[in-house]
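Notes for the one structure printed next.
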Amino acid sequence: MSRSVWDDVVGQERAIEQLHRAAVDPVHAYLLVGPHGSTVERAARAFASVLLTGSDDAESRDARLVLAGEHPDCREVERVGAAIDRDQAEWIVEQAWLSPVEGSSKVMLLHEFHLLSEIAAGRMLKTVEEPPESTRFVIVAESVPTSLVTIASRCVRVDFATIPDSVIATRLVTEGVDPAIAEVVSAGASGDLERARVLANDPEVAERRAAFASVFESLDGSGRAAIEFVDRVELLIDRAAEPLKARHAAEAAELQERIERVGARGSGRKQLEDRHKRELRRFTTDELRTGLATMAGAYRDAAVTARIATAEASRAVSAIQSTISSLGRNANSTLALQRLVWSLPLP
C-alpha cells in the first residue's frame, strides 16, 4: 500500500475530511488554524500536494518535493523578523503574480500568519481575495488575531484541534516508544506531538520538573542564588534539546549529501537552517513555560499548606505568569528568569 500525504497528520480526521472535500473544487484561499504541534503544518503541505497533483499519493515525484518543502510551484513563506511586515507582504504579492514554473498552477504556502502586522495585512488583502487564476493560498496560523481577521474573512477556514494525550501516546508507541514512556511524555507535551517526540528521548524530564519545583530550597533572596538557579535549569533544558539537535544534524547531513550529488542551486539550505533555529527556540521557550508553570504550582501548594502567606503566593504566581507571557517576546530569557526568581517571595 502506497503512502498517503496525510499519513503524518495526526488526530485531525475532521480537518482532513474538510480538506479532502475542498480539493475536489478548490477556491482561491484557505486558512488552516491550529496550535503548534497539532500537525497543522504537515496538513498544509499535504493539502498543497493534493492541490498540485490531484492525488493523495505521497510517492510521486511532485508530492515528495512538496512534502520536503522543495517544489518550485509550492512557494513557502516564513516570516523574516518578529512579524510579517509590509516589505515581506509586498514580496509575497509579487510571488503570487509570477507564473507557475512547472505546471499550470501554484500554491503560496504562508506560515505563522498569526504574526502579521496590520500594514502587511492591508497590503496583501486584495491579492488574497482575488489572486491570479493560477495561484491558490494556503495560510497557516496558530490563532486569528485582529491583524488577520480581514484576510481570514476571505478564506475558507479549517480548524485543527490540540491532539489528545491518548492519540499522542498511541502514535509514539507505533514509532517504537515504550508504552510507559509514551504515556508519561504525552501527558507533559500539552498536545504537541513534536514536543512529545523529543521528550520521549529525554530521561531528565522529572529532574527538570523537580528543579523548578525546588524554588524554596534553592533560593535565599540573594542575586547569587538566583543566578545559580537559572544556570541550573537552563543547563537542564539545553541537555533536553540534544535529541532535537541530533535530528537537526541528521537533516543537515542529508541535505549536504544531496547538495554534493546534484548541486546547491535551490537546495533550501537557508530555509532548513531557519527552521532549525525556530524549532530550537520554540522547544526552549516551551520548556521554560512548562517549568515556570511547575514553579507556580509549587507556590499554590505552599499557600495551601500555609508554608507561605496566601497574598505572597498570589504575588509570586502573578509574577511567574507575567514572565511566561513575555517569553515569546523577550530576546533575553536568561535575564527575564533572573529578574523573576530574584524577586520571588520566600517563606
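Results, tabulated for the structure shown:
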read-out: Residue within the range 137-156 that is exposed (fewer than 15 other Cβ atoms within 10 Å of the Cβ), at pLDDT 90 or above and charged (D, E, K, R) present; value: no
read-out: Subset of the range 124-136 [in contact with a Lys or Arg (Cβ under 9 Å, 6 or more places away or on another chain) and buried (at least 19 other Cβ atoms within 10 Å of the Cβ)]; value: 128, 135, 136
read-out: Residue 265 being assigned to a helix (DSSP H, G or I) and either of a type outside the set (S, T, N, Q) or at pLDDT 85 or above (or both); value: no
read-out: One residue from 333, 314 being on the phi < 0 side of the Ramachandran plot, assigned by TED's automatic domain parsing to the domain that holds residue 238, surrounded by 14 or more Cβ atoms within 10 Å (Cβ to Cβ) and free of Cβ contacts under 8 Å to residues at least 24 places away in the same chain; value: 314
read-out: Of all residues making up the range 303-345, the number that are at pLDDT below 90, part of a loop (DSSP other than H, G, I, E, B) and either more than 17 Å from residue 237 (Cα to Cα) or not polar (S, T, N, Q) (or both); value: 5
read-out: Evaluation of residue 219 against (1) under 23 Å from residue 314 (Cα atoms); (2) modelled with pLDDT under 85 (one fails), failing number; value: (2)
read-out: Which listed residue is assigned to a loop (DSSP other than H, G, I, E, B) and closer than 29 Å to residue 34 by Cα, from 177, 173, 198, 184; value: 177
read-out: Residue selected from the range 11-54 under the condition of a type in the set (S, T, N, Q) and farther than 26 Å from residue 164 by Cα, by the criterion surrounded by the fewest Cβ atoms within 10 Å (Cβ to Cβ); value: 53
read-out: Flag for residue 117 being hydroxyl-bearing (Ser, Thr, Tyr), under 21 Å from the mean Cα position of the chain (by Cα) and farther than 22 Å from residue 38 by Cα; value: yes
read-out: Every residue from the range 165-183 that is buried (at least 16 other Cβ atoms within 10 Å of the Cβ) and under 19 Å from residue 242 (Cβ atoms); value: 172, 177, 181
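The values are calculated or read from the model by the stated rules, or taken from the named source; none is laboratory data. What you see is a predicted model; the values in this text were computed from it and never measured. Cβ sites come from the backbone with ideal geometry, for glycine too, and all protein chains shown count toward neighbours.
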